[in-house]
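Trainee: Here's a structure for you.
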Amino acid sequence: MGSSGSDSAATPETLAIPPSCSDGVDNDLDGLVDGLDPGCQPPPLSTVTLPLGGVDTFESVMRLTALPVGPCLVNDFVGVGPTVVTRSDPSAGIIDTEIVSMQLTGTGTISSLGACPVPEGPAPITILQDFTNRSTGKVTRCTQCGQACVDCSPSGDFPATS
């Protein structure tokens, strides 16, 4: 169980670097080789029970660098405030969502794109959920890693995109 001249700092099995876990060498000098070394064992699989549908209330933050509003332009807006989202029961890897309430308040800088009726400069701004238009969406479980999935790692609780 010797180190065969290896440098334990260069290829430690405690980091489960694939080459150091299949080379027949005790790379981290702990007396264990490859599959016998705890550092070469994969992490335990986690199972997650997704919650039933319901309502989530949380504080949101919105940052806008440039938002045209008619003949005005809102720059450098940062707003915070309460948001309420409903979500359906998980079904076939999909959770339907809808923003049902949102009120974000902050300060932005107004500039003119034409005949802006608001004075230019810093201004208090409130952004509300538009009750005349539904704001629906869905969270979809990733089945294959790809550009559409942000976190497709098996260690994620629910690898998904929304």
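Trainee: Tell me yes or no: at least one residue of the stretch 121-132 is surrounded by fewer than 11 Cβ atoms within 10 Å (Cβ to Cβ), more than 28 Å from residue 51 (Cβ to Cβ) and not β-branched (Val, Ile, Thr).
Mentor: Checked against the condition, which is being surrounded by fewer than 11 Cβ atoms within 10 Å (Cβ to Cβ), more than 28 Å from residue 51 (Cβ to Cβ) and not β-branched (Val, Ile, Thr), the stretch 121-132 yields at least one hit.
Trainee: Something else about it: What do you reckon, is residue 76 on the phi > 0 side of the Ramachandran plot and not β-branched (Val, Ile, Thr)?
Mentor: Numbers: on the phi > 0 side of the Ramachandran plot: yes; not β-branched (Val, Ile, Thr): yes.
Yes; evaluated as a whole, the condition is true for this residue.
Trainee: Regarding the stretch 49-58, can at least one residue be identified that is at pLDDT 90 or above and assigned to a loop (DSSP other than H, G, I, E, B)? Lay out the reasoning, then the answer.
Mentor: Kept after step one, since they are at pLDDT 90 or above, are these residues of the stretch 49-58: 53-58.
Subset that is assigned to a loop (DSSP other than H, G, I, E, B): 53.
Within the stretch 49-58 (the criterion being at pLDDT 90 or above and assigned to a loop (DSSP other than H, G, I, E, B)), the answer is yes, since at least one residue qualifies.
Trainee: Can you spot a residue in the stretch 81-94 that is of a type in the set (D, E, K, R) and closer than 30 Å to residue 140 by Cα?
Mentor: Looking through the stretch 81-94, at least one residue is of a type in the set (D, E, K, R) and closer than 30 Å to residue 140 by Cα.
Trainee: Just one of (1) at pLDDT below 90; (2) not in a loop (DSSP other than H, G, I, E, B) trips up residue 44, so point out which.
Mentor: (2)
Trainee: Within the stretch 85-104, work out how many residues are part of a strand (DSSP E or B), more than 18 Å from residue 65 (Cβ to Cβ) and either small (Gly, Ala, Ser) or modelled with pLDDT of 90 or more (or both).
Mentor: 12
Trainee: Let me ask you something else. Can you tell me how many residues in the stretch 85-120 are under 15 Å from residue 52 (Cβ atoms) and among the acidic types (Asp, Glu)?
Mentor: The total comes to 2.
Trainee: Which condition number in (1) surrounded by 12 or more Cβ atoms within 10 Å (Cβ to Cβ); (2) not in a strand (DSSP E or B) is the one that residue 117 fails?
Mentor: (1)
The values are calculated or read from the model by the stated rules, or taken from the named source; none is laboratory data. Values in this document were obtained by computation on a predicted structure and should not be read as measured data. Positions of Cβ are generated from backbone atoms using ideal geometry, with glycine treated the same way; all protein chains shown enter the neighbour counts.
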